[in-house]
Amino acid sequence: MQSFLLRRFGVALLTVWVTTIAVALLTRLVPGDPIEIMFAQSAGATREQMLAMQARLGLDRNVVAQYFLYLGNLLQGDFGRTIQGGQPVLPLIMQRLPNTLWLASTALVIASIAGVTLGFFAAYKKGTWVEHVLMTSTVMGISIPPFWLGLILLMVFGMQLGWFPVAGAGWHALVLPAVTLAATNAAIIGRLTRSSMLEVFEQEFMRTAWSKGLPKTTVLSRHALRAGLVPVVSAMGVQFAYMMGGAIVVEYIFSWNGMGTLAVDAILRRDYPLIQGFILVFSVVVVCISLLLDVIYAALDPRIRQGGDS
Amino acid sequence: MKHQFSTSGIKAPMISCSGLHIGFPTEHTANNVVRDLSFTIDRKEIVSIVGESGSGKSLTSLALLGLLPQQARASADCLRFHDRDLLGQSYRDWQGIRGKRISMIFQEPMTSLNPVLTIGRQMVEALEWHEGLNRKDATRKVLDILDQVRIPAASKRIKQYPHELSGGMRQRVMIAQALTCGPELLIADEPTTALDVTVQSQILGLLEQLRADLDMGILLITHDMGVVAETADKVVVMNAGDHVETGTVEQIFAHPENAYTKRLLASVPRLGSGVVPNSARPETSPQKDAPLLEVEHLQVRFDQRAGWGRKARRRVHAVEDVSFRLGRGETLALVGESGSGKSTLARAILSLIKPDGGTVRLKGRDITGLNARLMLKHRRVAQMIFQDPYATLDPRMRVGDQVAEPIVLHGLARGKAVARRVQELFELVGLDPAWARRHPHEFSGGQRQRICIARALAVEPELIIADEAVSALDVTVQAVILDLLKDIQQKTGISYLFITHDLAVVEQISHRVAVMYLGRLVELGSTQSVLRSPSHRYTRSLLQAVPVADPTRRPQRVQDTSDIPSPIHDADWQPPAWPMRQLQPDHWVAEGDPLHEVVGS
């Protein structure tokens, strides 16, 4: 188990490192001179200002030197400064990050609970109207775009019924955006759980479990659900990454004060240092979550734990 | 050893079944796959239901536990366990029987145990539920039972997961699990089919002994007449859903009445007896000069690494210093149990795996280390047939096209000539050429294997390596395929390297036998001389373990629980020299068993 975790941790570090390279190259990949693009929006920038920016970003040196300068700064916690306003990037992002994490993880919990429950019963009631109703609902869940669902929820529960605030902070305000964000993912997790459970129900070890005369709930929860969740958990990492991305749109709709709003603004204003910082923080979060899910995955399936050893 | 009836007059049997029908009904028909089956089982009795695939024997066993697939419907004049009607019981009713009074063990111990729960967790749950024991008491009882089925270091085993145990150990765990609540009836569905013969012998011995110790009835479902002859008291023969014949094991084997039973018994390969249906191979005589295939000091090892770029800590010595020759028109059988390295050897010969040492010469030319383009030419000379014909045929391609593919690929024919060649091949393997337009799922297992043989023959090879090519087939089909292979050898002078675990098959098809054990050849010689006078300890134990299809010759089993030692060693381990000694002009045997001593001590 320990060596498994160490291995995974190593892979995680490697992933983050590769991301820093990609991010550092971002300014190079943009067609045209990055400095000119950066200053295109701000009228009246002087030649001196542009040269100073070029020197600060190290764009006057070669790619390798540029990268190490960037990496060195990163390691010291210096993610650069925004073009507009010249604020340090990292504190700006970190200030908003908790809100986004809150939203995405609440949505993941909702999506997992709803999706697994839905998928499990759809599989258990295979061939009955229950399955048809549940599966139809997942098709809807997948096809309805979050921005539309968000607006409808806002209108119905926020404005007409007045159950939840239409914007703001705190638990109460979290409900609608989290549900919006969770809907699609609940449907995806539901379909995944269903097919995984259907496969498990057909397994020979399930026949063995039934042959022991145990109560139905024991057979289903201990034998079926645990084995069936293994592939679902491994998919949740990807789901979470999608949710972090999806959060951008949802935050915008609900005026949720998270990274998403900041990122959209940064992209619209072509504030490269901020975009770079955003991508990097985003990927670190996704890597951390995958690491966490790997641990859960290993706890569920002993064969994974010993993967490299036996 | 017949059971004794109690003296308290006539007692109702434990299981009485009469007029059992099981079907998968559609709107219009009942689709019965088991028809009018009747039998009884008493305590201490081993009743065997025997039949080939599709005979309905497994469904019958599932009906006794109410575990039939959802779409299946069962009806019977009488299906009773003591005085309880087993048809139409509720889930609650079944809970009082399943796992407590009737329990079941299944064919494949790997897939029949839950991979994500420890052995201990899976074993205590029935005790906790049925007998209300707490975890501690249940665990103590489980340890007792594991001891009874002779699992060494049981307290360590219960913390392990199924994948950490060997096949034999897993099947012992299955049996122990079924015994936890002291059932009156144990249903064993092909309990030894997935196991090697030496392990099979251990497991069968165990079942017999438990029957005596625990006063338990056993329903043994099997396709193997050898297993039946060695263990059963009473035999029920089924064929394609029909109940064919019932009798004591002596009656069935000595005086079978039904034509199907006779045919089934006739096609059972009987090792070493004079009544082999197609007696040992005099028809073709291989040419001794200029061997087709020469293997010298071949070596394949696999490193086991803990991670990328790490040094190997352990090494699998899959094939170690193997040398042999195969003449033209000759069949050499490569025998060994799972993990002995026989399949790895075959793949190394065809350069599907890169050998770590030694040479392979095909038609006098060293083919180890040839590049892909040159290898292609040699692939034409040597072809392979695999165990599972369904898995090796493309399900979406017409079988005729699949046979034609290698012909076109190797440029052996063009246009109309290809179709003509396919037609010839179909005729050669005994298939109607008109079937070339069909897809694999439209054929039976035996027919599919014929297609695979036709495909292998398409490029006019001089050597066919058959890896367990008949192991998955029913005995009656198996006998026919073996005849076909011999027939083709007579017509074309082709050579076979025949990999199998089944010694009875060896006797029918091969001129010479090579016995493989832990990656080494331990005995090599003519079929006659190896099977009649086996010289190596391992060959002897292998031969002793083969079930004999004759109830009058039941073996005295020696209870041996040892697993075969592992071919995995530390990376710095040097394999001991293990020279072979010549006994007769054509019979070689390895000196002693250094590996056994090394590991066994």
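The values are calculated or read from the model by the stated rules, or taken from the named source; none is laboratory data. Note that the coordinates shown come from a computational prediction; the quantities given were computed from them, not determined experimentally. Please note: Cβ atoms are built from the backbone with ideal geometry, for glycine as well, and neighbour counts cover all protein chains shown.
Does B:Leu431 satisfy the condition of being under 29 Å from the mean Cα position of the chain (by Cα), of a type in the set (A, V, I, L, M, F, W, C), assigned to a loop (DSSP other than H, G, I, E, B) and over 19 Å from B:Phe498 (Cα atoms)? It would help to see each step written out before you state the result.
Working: under 29 Å from the mean Cα position of the chain (by Cα): yes; of a type in the set (A, V, I, L, M, F, W, C): yes; assigned to a loop (DSSP other than H, G, I, E, B): yes; over 19 Å from B:Phe498 (Cα atoms): yes.
Criteria met by B:Leu431.
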Task: Within segment B:150-176, tally of residues that are within 13 Å of chain A (Cβ to nearest Cβ), surrounded by fewer than 18 Cβ atoms within 10 Å (Cβ to Cβ) and either of a type in the set (Lys, Arg) or farther than 27 Å from B:Ser340 by Cα (or both) - done: 1
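Would you point out which residue out of B:Asp147, B:Asp83, B:Asp93, B:Asp77 is more than 13 Å from chain A (Cβ to nearest Cβ) and either without any contact (Cβ under 8 Å) to a residue 12 or more places away in the chain or of a type outside the set (D, E, K, R) (or both)? Even if it seems obvious, please write down each step before you answer.
Numbers: B:Asp83 fails: either without any contact (Cβ under 8 Å) to a residue 12 or more places away in the chain or of a type outside the set (D, E, K, R) (or both); B:Asp93 fails: more than 13 Å from chain A (Cβ to nearest Cβ); B:Asp77 fails: either without any contact (Cβ under 8 Å) to a residue 12 or more places away in the chain or of a type outside the set (D, E, K, R) (or both).
Of B:Asp147, B:Asp83, B:Asp93, B:Asp77, the one residue that is more than 13 Å from chain A (Cβ to nearest Cβ) and either without any contact (Cβ under 8 Å) to a residue 12 or more places away in the chain or of a type outside the set (D, E, K, R) (or both) is B:Asp147.
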Open item on the list: Taking the criterion of being aliphatic (A, V, I, L, M), within 14 Å of chain A (Cβ to nearest Cβ) and either assigned to a helix (DSSP H, G or I) or in contact (Cβ under 8 Å) with a residue 60 or more places away in the chain (or both), would at least one residue in segment B:190-198 satisfy it?
Closed with: yes
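Okay, residues lined up against (1) under 17 Å from B:Ile494 (Cβ atoms); (2) not in a helix (DSSP H, G or I):
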{"residue": "B:Tyr390", "(1), (2)": "no, yes"}
{"residue": "B:Met397", "(1), (2)": "no, yes"}
{"residue": "B:Pro406", "(1), (2)": "yes, no"}
{"residue": "B:Leu412", "(1), (2)": "yes, yes"}
{"residue": "B:Val418", "(1), (2)": "no, no"}
{"residue": "B:Arg421", "(1), (2)": "yes, no"}
- [ ] Keeping to segment B:106-116, report how many residues are within 7 Å of chain A (Cβ to nearest Cβ) and out of contact with any strand residue (DSSP E or B) (no Cβ under 7 Å at 6 or more places or on another chain).
- [x] 7
Open item on the list: Can you pull out every residue in segment B:117-144 that is surrounded by fewer than 18 Cβ atoms within 10 Å (Cβ to Cβ), closer than 18 Å to A:Ser221 by Cβ and more than 10 Å from every other protein chain (Cβ to nearest Cβ)?
Closed with: B:Arg135
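Working carefully through the options A:Leu90, A:Leu75, A:Leu108, find the one that is over 30 Å from A:Ala186 (Cα atoms) and surrounded by 14 or more Cβ atoms within 10 Å (Cβ to Cβ).
Details: A:Leu75 fails: surrounded by 14 or more Cβ atoms within 10 Å (Cβ to Cβ); A:Leu108 fails: over 30 Å from A:Ala186 (Cα atoms).
Going through A:Leu90, A:Leu75, A:Leu108 in turn, just one is over 30 Å from A:Ala186 (Cα atoms) and surrounded by 14 or more Cβ atoms within 10 Å (Cβ to Cβ): A:Leu90.
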Task: Residue within segment B:53-69 that is over 27 Å from the mean Cα position of the chain (by Cα), within 14 Å of another protein chain (Cβ to nearest Cβ), of a type in the set (Gly, Ala, Ser) and under 20 Å from B:Leu20 (Cβ atoms) present - done: yes
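Could you tell me whether B:Pro355 is within 29 Å of the chain's Cα centre (by Cα), under 26 Å from B:Leu482 (Cα atoms) and of a type outside the set (Ser, Thr, Tyr)? Steps first, please.
Numbers: within 29 Å of the chain's Cα centre (by Cα): yes; under 26 Å from B:Leu482 (Cα atoms): no; of a type outside the set (Ser, Thr, Tyr): yes.
No.
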Open item on the list: Need pairs with beta-carbon distance below 9 Å; first residue in contact (Cβ under 8 Å) with a residue 12 or more places away in the chain and within segment A:199-215, second of a type in the set (Phe, Trp, Tyr) and surrounded by fewer than 21 Cβ atoms within 10 Å (Cβ to Cβ); sequence gap 6+ or separate chains.
Closed with: A:Phe201/A:Tyr124
Task: Single condition B:Pro183 does not satisfy, out of (1) closer than 30 Å to B:Gly23 by Cα; (2) assigned to a loop (DSSP other than H, G, I, E, B); (3) within 14 Å of another protein chain (Cβ to nearest Cβ); (4) at pLDDT below 90 - done: (4)
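Would you call B:Ser103 closer than 24 Å to B:Asp233 by Cα, within 14 Å of chain A (Cβ to nearest Cβ) and not β-branched (Val, Ile, Thr)?
Numbers: closer than 24 Å to B:Asp233 by Cα: yes; within 14 Å of chain A (Cβ to nearest Cβ): yes; not β-branched (Val, Ile, Thr): yes.
Yes; evaluated as a whole, the condition is true for this residue.
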TODO: Please enumerate the residues belonging to segment B:248-281 that are under 24 Å from the mean Cα position of the chain (by Cα) and either modelled with pLDDT of 90 or more or outside any loop (DSSP other than H, G, I, E, B) (or both).
DONE: B:Val249, B:Ile252, B:Phe253, B:Tyr260, B:Thr261, B:Lys262, B:Arg263, B:Leu264, B:Leu265, B:Ala266, B:Ser267
Open item on the list: Quick test of your reading of the structure: B:Leu206 fulfils all but one of (1) assigned to a helix (DSSP H, G or I); (2) touching a strand residue (DSSP E or B) at 6+ places or on another chain (Cβ under 6 Å). Name the failing condition by number.
Closed with: (2)
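One residue is enough: does segment B:165-172 have a residue meeting the conditions touching a residue at least 12 places away in the same chain (Cβ under 8 Å), under 24 Å from B:Glu45 (Cα atoms) and under 18 Å from the mean Cα position of the chain (by Cα)? Steps first, please.
As a first pass, look at segment B:165-172 and keep what is touching a residue at least 12 places away in the same chain (Cβ under 8 Å): B:165-172.
Within this subset, residues satisfying the condition of being under 24 Å from B:Glu45 (Cα atoms) are B:171-172.
Okay, now just the ones that are also under 18 Å from the mean Cα position of the chain (by Cα), so B:171-172.
Yes: segment B:165-172 contains one or more residues that are touching a residue at least 12 places away in the same chain (Cβ under 8 Å), under 24 Å from B:Glu45 (Cα atoms) and under 18 Å from the mean Cα position of the chain (by Cα).
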TODO: Considering (1) more than 26 Å from the chain's Cα centre (by Cα); (2) of a type in the set (Val, Ile, Thr); (3) outside any helix (DSSP H, G or I), say which one B:Ile151 fails and leave the rest.
DONE: (1)
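Let's see how each residue does on (1) at pLDDT below 90; (2) surrounded by 21 or more Cβ atoms within 10 Å (Cβ to Cβ); (3) in contact with a Pro (Cβ under 8 Å, 6 or more places away or on another chain); (4) of a type outside the set (A, V, I, L, M):
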residue: B:Gly56; (1), (2), (3), (4): yes, yes, no, yes
residue: B:Ala76; (1), (2), (3), (4): no, yes, no, no
residue: B:Tyr91; (1), (2), (3), (4): no, no, no, yes
residue: B:Thr111; (1), (2), (3), (4): yes, no, no, yes
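Per-residue answers, yes or no, for (1) modelled with pLDDT of 80 or more; (2) surrounded by 24 or more Cβ atoms within 10 Å (Cβ to Cβ):
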| site | (1), (2) |
| --- | --- |
| B:Ile494 | yes, no |
| B:His501 | yes, no |
| B:Ser526 | yes, no |
| B:Leu531 | yes, no |
| B:Val546 | yes, no |
| B:Trp578 | no, no |
| B:Leu595 | no, yes |
- [ ] Exactly one condition in (1) at pLDDT 70 or above; (2) over 27 Å from B:Ala232 (Cα atoms); (3) in contact with a helix residue (DSSP H, G or I) (Cβ under 8 Å, 6 or more places away or on another chain) is not met by B:Thr284; state its number.
- [x] (1)
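Would you list the helices (runs of 4 or more DSSP H) that sit entirely within segment A:144-224 and hold 3 or more residues that are aliphatic (A, V, I, L, M)?
Numbers: elements: A:146-153, A:171-201, A:204-210.
So the answer is A:146-153, A:171-201.
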TODO: Could you please give the count of residues in segment B:288-306 that are at pLDDT below 60 and surrounded by 14 or more Cβ atoms within 10 Å (Cβ to Cβ)?
DONE: 1
TODO: Of the conditions (1) β-branched (Val, Ile, Thr); (2) surrounded by fewer than 19 Cβ atoms within 10 Å (Cβ to Cβ); (3) without any contact (Cβ under 8 Å) to a residue 40 or more places away in the chain, A:Ile279 clears all except one; give me its number.
DONE: (3)
TODO: Grab the helices (runs of 4 or more DSSP H) fully contained in segment A:233-310, keeping just those with 3 or more residues being within 14 Å of chain B (Cβ to nearest Cβ) and at pLDDT below 85.
DONE: A:272-300, A:302-305
Task: Residue check for B:Lys141: of a type in the set (Lys, Arg), out of contact with any Phe, Trp or Tyr (no Cβ under 8 Å at 6 or more places or on another chain) and outside any helix (DSSP H, G or I) - done: no
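Would you point out the residue of segment B:144-192, among those that are β-branched (Val, Ile, Thr) and in contact with a Ser or Thr (Cβ under 7 Å, 6 or more places away or on another chain), that is nearest to B:Glu108 (Cα to Cα)? Outline the logic, then answer.
Of all residues in segment B:144-192, those β-branched (Val, Ile, Thr) come to B:145, B:149, B:151, B:158, B:173, B:175, B:180, B:187, B:192.
In the following step, the residues that additionally are in contact with a Ser or Thr (Cβ under 7 Å, 6 or more places away or on another chain) were identified as B:145, B:158, B:187.
On the way: B:Ile145: 21, B:Ile158: 19, B:Ile187: 14 Å.
Ranking the candidates gives B:Ile187 first.
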